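Inspection log for the structure reproduced underneath, given as C-alpha cells.
The values are calculated or read from the model by the stated rules, or taken from the named source; none is laboratory data. Please read all numbers here as calculations on a predicted model, not as lab measurements. Note: ideal-geometry Cβ built from the backbone for every residue, glycine included; neighbour counts use all protein chains shown. Areas reflect the complete protein model, heavy atoms only, side chains present, ligands, DNA and RNA absent. Shrake-Rupley method; radii C 1.70, N 1.55, O 1.52, S 1.80 Å.
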Amino acid sequence: MSIITFSYIALALFLGYAVAVALSMAVTFGITAVSPGFVSKNNRIRREYKFVQDAVWLICAMAGGYVAALVNGESHSWLVGSALVAILVLVLWMNVWEMRQRGLGHQLVMTAAAAVGVTVGFMIHLR
C-alpha cells in the first residue's frame, strides 16, 4: 500500500467517524434542548428516548459510512468499512458512563446499528 492510499484510508476513517459522532451529538443536543422531559426523568434516561437514540445512531453511522466511502472510493472498501465499524463500536463500548445509562440491550442494538449503518452507507455510495 502506498503512502497516498494510506492517507486516503486515514482521511476516510477520520471523516466517517467525525460525521457520525458530530451528527449524533447535534441530534442529541437538539432533542435535549427541545424536550428535556422526553430525554430524562428523575435523572434517568427514559426508555422511549433510548429507542430514539438507537435509530439516530443507525442514521448517523449510515452518514459516516457514506462519507467514508465518498472519500475512499471503491478501493479497499472492505478495509475502510470494517475499520470504521470497529472504531465506532470501540468508542461506543469505551464510554462506560453512557453504557451504564443505556443498558446492555441498547448497547448491543447500537453496536449492530453501527455495523448495519456503515454497511448501508457504503452500499448507497458504491451502487
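With respect to Ser75, determine if the residue is in a helix (DSSP H, G or I) and open to solvent by 50 Å² or more (accessible area, probe 1.4 Å).
So Ser75 fails the test.
Using the structure shown, decide if Ala113 is buried (at least 22 other Cβ atoms within 10 Å of the Cβ), under 23 Å from Ala26 (Cβ atoms) and within 12 Å of the chain's Cα centre (by Cα).
Here the answer is yes, as Ala113 does meet what is asked.
In segment 93-113, what residues are in contact with an Asp or Glu (Cβ under 8 Å, 6 or more places away or on another chain) and either aliphatic (A, V, I, L, M) or not in a helix (DSSP H, G or I) (or both)?
Correct list: Val109, Met110, Ala113.
Output the number of the condition that Tyr66 fails; it satisfies all remaining conditions of (1) of a type in the set (Ser, Thr, Tyr); (2) free of Cβ contacts under 8 Å to residues at least 40 places away in the same chain; (3) in contact with a Phe, Trp or Tyr (Cβ under 9 Å, 6 or more places away or on another chain).
Status for Tyr66: all satisfied but (2).
List pairs: first residue in segment 110-127 and farther than 14 Å from Val56 by Cβ and hydroxyl-bearing (Ser, Thr, Tyr), second residue open to solvent by less than 50 Å² (accessible area, probe 1.4 Å) and assigned to a helix (DSSP H, G or I) anywhere in the structure, Cβ distance under 7 angstrom, at least six positions apart or on different chains.
As it stands, the answer is Thr111/Val89; Thr111/Leu92; Thr119/Gly65; Thr119/Gly81, since those pairs meet every condition given.
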